[in-house]
1. What's the carbon and sulfur percent of the stretch 58-112's accessible surface, probe 1.4 angstrom, rounded to a whole number?
2. Between Ser77 and Ser168, how high is the FRET efficiency from 1/(1 + (r/R0)^6) when r is the Cβ-Cβ distance and R₀ = 41 Å? Nearest 0.05.
3. Can you compute the modelled spin-label distance between Leu148 and Ala47, with each label point 7 Å from Cα toward Cβ, in nm?
4. Applying 1/(1 + (r/R0)^6) with R0 = 25 Å to the Cβ-Cβ distance of Arg181 and Leu202, what FRET efficiency is obtained, to the nearest 0.05?
5. Need the list of aspartates and glutamates near Lys188 for cross-linking: C-alpha distance under 14 angstrom, and skip anything on the same chain fewer than eight residues off.
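The values are calculated or read from the model by the stated rules, or taken from the named source; none is laboratory data. All values derive from a computational prediction rather than experimental measurement. Every residue, glycine among them, receives a Cβ derived from its backbone with ideal geometry; neighbour counts consider all protein chains shown. Note: areas computed on protein heavy atoms with side chains; ligands, DNA, RNA excluded. Shrake-Rupley method; radii C 1.70, N 1.55, O 1.52, S 1.80 Å.
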Amino acid sequence: MTHSANSPDPKNAKNAKSTNSTNSGDTANRAAGHAGTGRAAAGPLRAPLSVYLNDHLLGATVGTELARRIARQHATSPAGAALVRVADEIAQDRTALLRMMRDLGVPVRRYRIGAGWLLEKAGRVKSNGFLLRRAPLSSVVELEALRLGVEGKRMMWQALSALEGPPSAVLDDERLAELLRRAHGQGKTLEELQLKAAKGVLDSA
């Protein structure tokens with residue numbers, strides 16, 4: 001059969017249809033690929049929260065060890081009972097943080113826990129002029145360090161309380177409020193004890 005110059009060739013039309021179909025499929029595949037990439041990229045949005053909580057877990061590990069040591073050293077002093085209570089609460093707060101991390105799906109970096117334990121032990125070896133026994137200022141400095149750690153923890157509880165995104169649906173507002181109140185009480189107790197210790201040492205200098 002003879003076709004005019006303006007008449008479409010059935011074979012060419014078939015090939016064009018096939019090409020268009022292939023191109024459409026490629027476009028759809030690329031679109032699906034981009035969509036998949038978007039979903040995969042959403043995962044790392046949790047990274048800041050993971051880093052933040054693991055950093056505080058490191059601090060909580062150091063703080064727990066330090067608080068227990070201070071409580072043991074002052075067990076027979078007038079401040080002994082208060083320090084034991086604070087040490088117990090700090091250990092409980094660390095457990096609460098671990099539970100929140102689990103509920104939020106934040107993985108615990110175990111090496112950070114080990115690093116925290118080592119940091120606390122290394123903190124005992126310092127140049128204070130007294131290599132074989134505790135320096136008079138040791139208690140003052142340790143109480144200051146513990147007070148700063150408690151303040152950092154209080155700010156963490158406060159930051160978590162202010163969350164409005166998906167993580168906020170997992171967190172217990174009443175529990176966070178309780179932890180905030182407890183951190184405030186711990187800070188007040190440690191501040192009073194640190195001032196008494198500082199006066200006792202610095203007034204005699």
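1. 54 percent
2. Efficiency for this residue pair is about 0.45.
3. Result for the modelled spin labels: 2.9 nm.
4. Using R0 = 25 Å, I get an efficiency of 0.20.
5. Glu89, Glu144, Glu151
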